[in-house]
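Encoded as structure tokens, the structure appears first; notes follow it.
Rule-based calculations on the coordinates, nothing more; no lab input. Here the structure is a predicted model, which is why all the values come from computation and not from measurement. When we count neighbours, we look across all protein chains shown, and the Cβ atoms used for this are built from the backbone with ideal geometry, even at glycine.
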Amino acid sequence: MVDSAQAWLRRFVSMRSWSPELALCAIALVLSVGALQGEPFPLDVGVAEVVKAWQFPLLDPVLHGVSAIGWFRIAAPTTIVAVIVVAILGLRWQAVTLGVAALTGHLFNQLLKALIERPRPEMAAERIAELGVDTFAFPSGHAQSFTIFYGFLAYLIWQHVPWPWLRWLGVTAALMMIVLVGISRVYLGVHWPSDVLGAYTIGILWVLLWTRVLRAGSTPMQDPSDEGSPGG
């Protein structure tokens with residue numbers, strides 16, 4: 001068992017460069033320190049006003065709908081169903097990793113919110129009640145959880161779906177969900193753009209770390225050039 005653990009650790013550390021993770025850590029740290037000040041960043045107000053001023057047919061119900069999917073009462077059962085489906089498809093280790101990544105990501109998000117305590121944009125009391133907002137702003141829980149969940153699904157689709165057209169369709173749909181939820185949180189006025197940016201940064205970092213865990217646990221040592229090849 002000790003030898004297996006050592007072999008896994010070697011694969012985890014050396015299978016590819018750590019540059020993306022280190023860069024994301026640095027960005028997340030800078031954003032977190034800035035958010036500790038409690039005030040919006042210089043571009044936050046202007047960008048938020050532009051997004052909230054968008055008036056396109058169906059945009060309002062689409063963004064409200066996407067945002068609603070991120071609430072815990074919907075996101076939790078959705079994640080459980082996805083884990084079960086992935087396991088049924090024969091990807092048991094991948095299913096476990098998806099579930100653990102989603103859970104630890106949520107807990108880490110709640111910890112950061114409690115530590116940073118950044119206020120949300122000012123909203124009327126009835127608006128707060130309507131949107132069910134009751135926690136701090138940084139980082140956006142919706143944007144971070146979507147990035148982890150749909151980002152990990154996109155990775156699994158790219159790696160395991162054999163048909164190129166379906167692979168591209170699935171990955172595109174997953175990425176669209178990530179983009180739309182970030183826009184929705186600013187559009188609804190419950191987050192500053194920097195809250196979403198911080199969530200995206202941490203979410204991508206989480207996906208990179210847990211896919212590294214997955215590959216270290218399920219594949220032998222391989223050439224790093226094979227990392228992004230579909231169907232692997």
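Rundown of residues vs (1) free of Cβ contacts under 8 Å to residues at least 40 places away in the same chain; (2) over 19 Å from Val179 (Cβ atoms); (3) aliphatic (A, V, I, L, M), yes/no style:
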| residue | (1), (2), (3) |
| --- | --- |
| Gly46 | yes, yes, no |
| Val62 | no, no, yes |
| Val100 | no, yes, yes |
| Leu103 | yes, yes, yes |
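Within the stretch 172-205, the set of residues being more than 14 Å from the chain's Cα centre (by Cα) and without any contact (Cβ under 8 Å) to a residue 24 or more places away in the chain comprises Thr172, Ala173.
Only residues that are within 19 Å of Ala154 (Cβ to Cβ) and not aliphatic (A, V, I, L, M) were counted across the stretch 185-204, and they come to 3.
Within the stretch 17-68, the residues that satisfy the criterion of being surrounded by fewer than 16 Cβ atoms within 10 Å (Cβ to Cβ), within 22 Å of the chain's Cα centre (by Cα) and outside any helix (DSSP H, G or I) are Ser17, Trp18, Leu36. Before we move on, is Leu58 closer than 30 Å to Val161 by Cβ and in contact with a Phe, Trp or Tyr (Cβ under 6 Å, 6 or more places away or on another chain)? The answer is no for Leu58.
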